[in-house]
Amino acid sequence: MVNIKGWIKLYRELLKKAIWSQSTPEQKTILITLLMMANHDVKEWEWKGKKYICEPGEFITSLESIRENAGKGISIQNIRTALVRFEKYDFLTSEVTNKNRRITIKNWALYQSKDEQLTSKLTSNQQATNKQLTTNKNVKNVKNNKNNKQVVEEGANVFNFFQENIGLITPFQAELIQSYLDDGVEEKFVKEIIVDSIGKDNPWSWIRKVLESSAKKNIKTLEQYKATKVEHKRKAETKYKSNNAPPQTKNHEQRKYSDDYLNSLYEN
């Protein structure tokens, strides 16, 4: 039942996930094995007069089959424990039948689909969002909408919003943004970061740094983010005034003059 041809993708962000970092070596082996066993394409077959279908990310298997594929050192109990744990982390679902087990890897398209197919899995309007927008059009669109609170808070989902203003989103970018949303970060907060990234040399790098910095400070809402921006602006203005203030001498202001001004004092 399993299509063993092809390859799978593994993103380095997995190292930061609890499902990996807090797993035993046996559970990590089982996780990778399950990804390799899952069907990459729709699989259809007939058995005893009944038609069966497995979508990408699904497969029919058994604990014994998983054990054989996982290799030496993996027990049936290891697999039972891992499946329960992976379901808890919402990584998969495991449905037991009389003779087999149907496993479905959740968010399969997000992790494993071809890049050009990702948008169809993340959004409901692929043809509209897959069109490449020019940089000038993006900048103009954001400038026109930046002061429109409704656009930032109530517009299309965050993946559409990214593509409309930055460009086609990659699986890695989508997965990382989704991880922050799963942790409770507001969509409208992420959209505000996207808006602020327009005009930067590397918008995605800037978005990622702001998300990481905000997470360390437990900033998850648009209101918190805006308050942080106000505070940063205030500190920057204070620092600028401090760096450009004239030096004081005996409580009297010491004026600073440009070379051109000093030279003009000696002209006729």
Review point. Can you give the translational diffusion coefficient of region 12-110 in µm²/s, computed by Stokes-Einstein from the Kirkwood radius over Cα pairs at 25 °C and 0.890 mPa s?
Key: 174 µm²/s
Point to revise | trypsin sites (Lys or Arg not before Pro) restricted to region 40-115 and DSSP loop, no more than 16 other C-beta within 10 Å | key: Lys48, Lys72, Lys99, Lys106, Lys114
Revision key, fill the gap. A correct Karplus calculation of ³J(HN,Hα) over region 76-84, with 6.51 cos²θ - 1.76 cosθ + 1.60, θ = phi - 60°, whole Hz and x for Gly and Pro, returns 4, 5, 4, 5, 4, 4, 5, 4, 4
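We did not get these values from a lab; they are worked out from the coordinates using the rules stated. For clarity, every value in this text was computed on a predicted model and none was experimentally measured. Every residue, glycine among them, receives a Cβ derived from its backbone with ideal geometry; neighbour counts consider all protein chains shown.
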